[in-house]
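The values are calculated or read from the model by the stated rules, or taken from the named source; none is laboratory data. Every value quoted in this text rests on a predicted model; they were computed, and no experiment measured them. With ideal geometry, Cβ positions are generated from the backbone for all residues, glycine too; neighbour counts draw on all protein chains shown.
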Amino acid sequence: MAKPANCISETEARTLYNNWDNRATLINNNLAPDVRDVIFSVEELEAYLKYVKENHVGMSKQGIRIYFAAYNNAQSTKATVFLAPTNGTSANAPNNYAIEALNKGQGGWPPNIY
């Protein structure tokens, strides 16, 4: 399989991570230390993409939007992400609320440095 068009180099990934690191410092200093990454297994992602593809009705192109989020319960107040299906792939494509979002990835603790 050919490399997907939107892959970025390690150098570009480190630059983006370092940009986020500046924000993370503000969060750590003003709130509390927090996670900086969330990991899902390849199998989890493949299963979710299959679920979205099989349950998507209507639009021929579906997308996945990744939201930054945070827990607020007895188990955790840390950051997380969730993946939400969309009807279309434009930046403002509407969410497809008929299909459940994916969460429950694992946040690296202590934070993993890229």
- Message: Please go through (1) farther than 25 Å from residue 114 by Cβ; (2) outside any loop (DSSP other than H, G, I, E, B); (3) in contact with a Phe, Trp or Tyr (Cβ under 9 Å, 6 or more places away or on another chain) for residue 99 and return the number of the only condition it doesn't satisfy.
- Response: (2)
- Exactly one of (1) more than 19 Å from residue 93 (Cα to Cα); (2) hydrophobic (A, V, I, L, M, F, W, C); (3) in a strand (DSSP E or B) is unmet by residue 66. Its number? (1)
- Item | Which numbered condition residue 24 fails, given (1) surrounded by 11 or more Cβ atoms within 10 Å (Cβ to Cβ); (2) without any contact (Cβ under 8 Å) to a residue 12 or more places away in the chain | (2)
- Item | Candidates 23, 14, 36 - the one that is at pLDDT below 90 and assigned to a helix (DSSP H, G or I) | 23
- Item | Members of region 56-71 that are of a type outside the set (Phe, Trp, Tyr) and either within 18 Å of the chain's Cα centre (by Cα) or surrounded by 10 or more Cβ atoms within 10 Å (Cβ to Cβ) (or both) | 56, 59, 61, 62, 63, 64, 65, 66, 69, 70
- Quickly run through region 1-13 and pick out the residues that are under 17 Å from the mean Cα position of the chain (by Cα) and under 14 Å from residue 113 (Cβ atoms). 13
- Task: Go through 81, 57 for me and flag whichever is at pLDDT below 95 and part of a strand (DSSP E or B).
- Result: 81
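Please state which one of 98, 91, 84, 32 is surrounded by 15 or more Cβ atoms within 10 Å (Cβ to Cβ) and not hydroxyl-bearing (Ser, Thr, Tyr). It would help to see each step written out before you state the result.
Values: 98 fails: surrounded by 15 or more Cβ atoms within 10 Å (Cβ to Cβ); 91 fails: surrounded by 15 or more Cβ atoms within 10 Å (Cβ to Cβ); 32 fails: surrounded by 15 or more Cβ atoms within 10 Å (Cβ to Cβ).
Just a single option satisfies the conditions, and that option is 84.
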